[in-house]
Amino acid sequence: MLSSKYISVSFLLLSLSLHAVNCADPLYHFCFSQENYTATSRYGTNLNGLLNLLSTKVPSKGFGLSSTGQGQDRANGLALCRGDVSKTNCTTCVIDAGKELGNRCPYKKGAIIWYDNCLLKYSNIDFFGEIDNKNKFYMWNVQDVENPTSFNPKVKDLLSRLSNKAYANPKFYATGDLKLDSSSKLYGLAQCTRDLSGLDCKKCLDTAISELPNCCDGKRGGRVVGGSCNVRYELYPFVDA
C-alpha cells in the first residue's frame with residue numbers, strides 16, 4: 001500500500017521566488033484508503049460538506065479540523081496552511097487541494113495531498129491527535145554542497161533549534177536562519193498540524209530531522225514532508241517574513 005511507504009522525490013531547485021510558486025501544482029499525494037464510496041452515498045455527501053467546511057474554517061487561523069456525519073459514514077479531515085501564507089492564498093490552496101484529490105483519488109475514503117502552501121487530509125477513520133508516520137515523502141536539491149562534512153551538522157543544528165521553537169509556539173510553526181559565512185545563510189522551517197500535543201509535535205519533527213541523511217545528505221536543499229509535520233532547509237529564503 002502506497003501510504004505505508006516512504007516515497008523519495010528528487011527536486012531540482014529552480015531560480016524561482018516564493019511568489020512564483022503555483023498552488024495549482026501539488027508536491028505529492030497518497031490515496032491511502034482501500035475503501036471506496038459512491039458519489040450519491042452518505043459518505044460522499046459528508047465528504048463534500050467537510051471539504052466546504054474546511055475551505056471556510058481553515059484560512060482564518062491557518063489550520064482546522066472537522067468531522068461531518070455519523071458512524072461509518074463520518075468524514076474526518078484537516079487542513080494546514082504554511083505559517084506565512086495569507087488568508088486568500090490559504091483559501092485558494094485548500095479549495096484546490098479538495099478538487100485535486102477528487103481527481104487523483106476518485107471515490108477513495110482516505111487521501112492526503114501536499115502543496116507548498118498547504119496540506120489537506122481526509123479519512124473515514126478518526127486520525128486526529130495521532131502522529132501520521134505512514135504518509136511521508138522526501139524532496140531534495142540535486143546539487144551538492146562543496147563541504148558536506150561541515151554543512152550537514154549545521155542543517156541539523158538549525159532544524160533542531162526550529163523544532164524546539166515550533167513545538168512551544170501555539171501555531172506549531174517556526175522559521176529561522178543560520179549564517180554560514182560572510183555571504184551565505186542557511187534557511188529553515190519546521191511545522192506541525194495543530195491536532196497534536198506539543199510533545200508529539202516535537203517527536204514528529206525530531207524524527208523527520210533524523211531522516212534527512214536518508215535523502216538529503218550534502219544536498220543544497222531538502223525536505224521531509226509528512227501527514228503531521230514537515231521540515232525544510234534551503235540556501236535561499238523561501239517564506240515571507
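Some observations on this one:
- Number of the condition not met by LYS61 [criteria: (1) at pLDDT 95 or above; (2) touching a helix residue (DSSP H, G or I) at 6+ places or on another chain (Cβ under 9 Å)]: (2)
- Residues satisfying the stated conditions in the range 201-237, i.e. open to solvent by 10 Å² or more (accessible area, probe 1.4 Å) and assigned to a loop (DSSP other than H, G, I, E, B): ASP217, ARG220, LEU235, TYR236, PRO237
- Within the set GLY102, GLY71, the sole residue that is more than 19 Å from the chain's Cα centre (by Cα) and not hydroxyl-bearing (Ser, Thr, Tyr) turns out to be GLY71.
- Residue within the range 66-85 that is in contact with a Pro (Cβ under 7 Å, 6 or more places away or on another chain) and over 21 Å from ARG232 (Cα atoms) present: no
- Of residues in the range 61-89 being closer than 22 Å to ASN230 by Cβ and among the small types (Gly, Ala, Ser), the one surrounded by the fewest Cβ atoms within 10 Å (Cβ to Cβ): SER86
- Residue within the range 216-234 that is small (Gly, Ala, Ser), in contact with a Pro (Cβ under 7 Å, 6 or more places away or on another chain) and at pLDDT 95 or above present: yes
- Tally, over the range 161-195, of residues that are closer than 30 Å to LEU65 by Cα and not in a helix (DSSP H, G or I): 18
- Any hit, the range 136-143, residues being open to solvent by 70 Å² or more (accessible area, probe 1.4 Å), within 17 Å of PRO237 (Cβ to Cβ) and at pLDDT 95 or above: no
- Residue in the range 31-52 that is aliphatic (A, V, I, L, M) and surrounded by fewer than 17 Cβ atoms within 10 Å (Cβ to Cβ) present: yes
- Residue check, LYS171 closer than 19 Å to ASN46 by Cα and open to solvent by 30 Å² or more (accessible area, probe 1.4 Å): no
- Of the strands (runs of 3 or more DSSP E) contained entirely in the range 93-160, those carrying at least 1 residues that are farther than 15 Å from VAL231 by Cβ and charged (D, E, K, R) fall at 118-123.
- Of residues in the range 176-196 being touching a residue at least 12 places away in the same chain (Cβ under 8 Å) and open to solvent by 50 Å² or more (accessible area, probe 1.4 Å), the one farthest from the chain's Cα centre (by Cα): LYS185
- Among (1) touching a Cys at 6+ places or on another chain (Cβ under 9 Å); (2) without any contact (Cβ under 8 Å) to a residue 40 or more places away in the chain, the one test that THR149 misses: (1)
The values are calculated or read from the model by the stated rules, or taken from the named source; none is laboratory data. All values reported here derive from a predicted model rather than from experimental measurement. Counting neighbours? That spans all protein chains shown, and the Cβs are built from the backbone with ideal geometry, glycine included. Keep in mind that these areas ignore ligands, DNA and RNA; they rest on the heavy atoms of the full protein, side chains included. Shrake-Rupley method; radii C 1.70, N 1.55, O 1.52, S 1.80 Å.
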